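Everything on this sheet refers to the single structure shown next.
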DNA sequence: TCTTTCTCTTAACCTACATTATTGGCTACC
DNA sequence: GGTAGCCAATAATGTAGGTTAAGAGAAAGA
């Protein structure tokens, strides 16, 4: 019973991994033995500025967000993580030094955590995992390269439209304020944009 | 003589790799046998929009830049690559589909190229290489995550100052136009910023 | 050498977006 | 049932940075 429940919980992660590498049942068990499941309540912090990110985090239910707060006190959302996504402050994870990002829950959320130090060990016992996480890092890298270009070349309205088409499910559950902090405008301007502009054109 | 010259040429790359993994002399030779050295003249294209990026590229001398051109015809520089840096359109490299980025030479440049398909093979024969490229991808990812935050939270002036302190050697050899295209302002505005602002304060 | 082209600068004007402040609706909680 | 917090909407005013245009050097090129 217990093991069956666990398998359910790890299912999404294992499917995610199976897209790129295939693990034997023993490897799977070994890998899973390092995982920890955790619940994060809406608005609860997982990390705050200054914390060292010791875990890689995978979302199985709900939604997390990572953001930083600038010297003027404004939030800038770096990423939303829906089920099937990983999230973290990469710099802190790599260097194991205090990070600059906050991570908290947009909704009640379930996550799987894996200690970075355990993962580094796992690379030695199951080298295939290194293949998986290389691909993961490369994909994340590619996504950021693309968002970089978008942020430089698109207007606020275009960034909003891109956000809608990229994350249709998020639009429904996020407040306008959150969306504004992601696309990089003030909530007031987003409101004006949504209410005035369509009428004129 | 030939082999000595080659070793010189690969020296920077091998040192770069040796920072994270140690290869046996045979592994080194095997790895090196896949590398190609190439010169790129100033202003010469290495890739244009629509090209498939089949190689990973490592700069040993000079400087490359990657950029995209938006629908209005404006260049947005994504990265400069000085000696010791890698450069490429990650999305195209991963998917082997036509890329959206240009790469050309800021100065006369020497590079080392490695076919992505060869690299994928090398991961199998020398698994340590996968470790190296995982770390590389993670570092690149972390750098973009940071630049993302900067672009959202810093003013044009602050981005300029950050660029200067991050790449002091580049400031000297780049035109203002190039710097402007990197920090995301028009050349006119950068000029105004540099000449007017210091006088007032 | 004489164009041609490119970069930098300046300046007048323009606009996308920020700031501040006020409103009313909604939910939550004593 | 009041009041305390959040959030969306609106509006007046402010500003960072864009646009257009034009001229001066510097560099490239023939």
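The values are calculated or read from the model by the stated rules, or taken from the named source; none is laboratory data. None of these values were measured; they are calculated from a predicted model. A quick note on method: Cβ atoms are made from the backbone with ideal geometry, for glycine too, and the neighbour counts reach across all protein chains shown.
A few points about this structure:
- Members of segment A:164-176 found to be assigned to a helix (DSSP H, G or I) and away from DNA strand C (no atom under 12 Å from the Cβ), listed by number: A:164, A:165, A:166, A:168, A:169, A:170, A:171, A:172, A:173
- Index of the failed condition, residue B:195 passing every other in (1) within 21 Å of residue B:62 (Cβ to Cβ); (2) modelled with pLDDT under 90; (3) within 11 Å of DNA strand C (Cβ to nearest atom): (1)
- When each of B:95, B:153 is tested for being in contact with a strand residue (DSSP E or B) (Cβ under 7 Å, 6 or more places away or on another chain) and within 11 Å of chain A (Cβ to nearest Cβ), the lone residue that passes is B:153.
- Residues located in segment A:52-87, provided they are at positive phi and either buried (at least 20 other Cβ atoms within 10 Å of the Cβ) or within 14 Å of chain B (Cβ to nearest Cβ) (or both): A:62, A:73
- Number of positions in segment A:124-133 that are assigned to a helix (DSSP H, G or I) and more than 7 Å from every other protein chain (Cβ to nearest Cβ): 5
- Within segment A:148-201, the set of residues being within 9 Å of DNA strand D (Cβ to nearest atom), surrounded by fewer than 16 Cβ atoms within 10 Å (Cβ to Cβ) and farther than 17 Å from residue A:67 by Cα comprises A:188, A:189, A:191, A:192, A:194, A:195, A:196.
- Residue within segment A:104-122 that is at the interface with chain B (Cβ under 9 Å from one of its Cβ atoms) and more than 19 Å from residue A:176 (Cα to Cα) present: no
Rundown of residues vs (1) within 11 Å of chain B (Cβ to nearest Cβ); (2) without any contact (Cβ under 8 Å) to a residue 24 or more places away in the chain; (3) assigned to a loop (DSSP other than H, G, I, E, B), yes/no style:
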residue	(1), (2), (3)
A:135	yes, no, no
A:145	yes, yes, no
A:162	no, yes, no
A:179	no, yes, no
A:189	no, no, no
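- Every condition in (1) within 16 Å of DNA strand D (Cβ to nearest atom); (2) closer than 18 Å to residue A:182 by Cβ; (3) touching a residue at least 40 places away in the same chain (Cβ under 8 Å) holds for residue A:72 except the one numbered (3).
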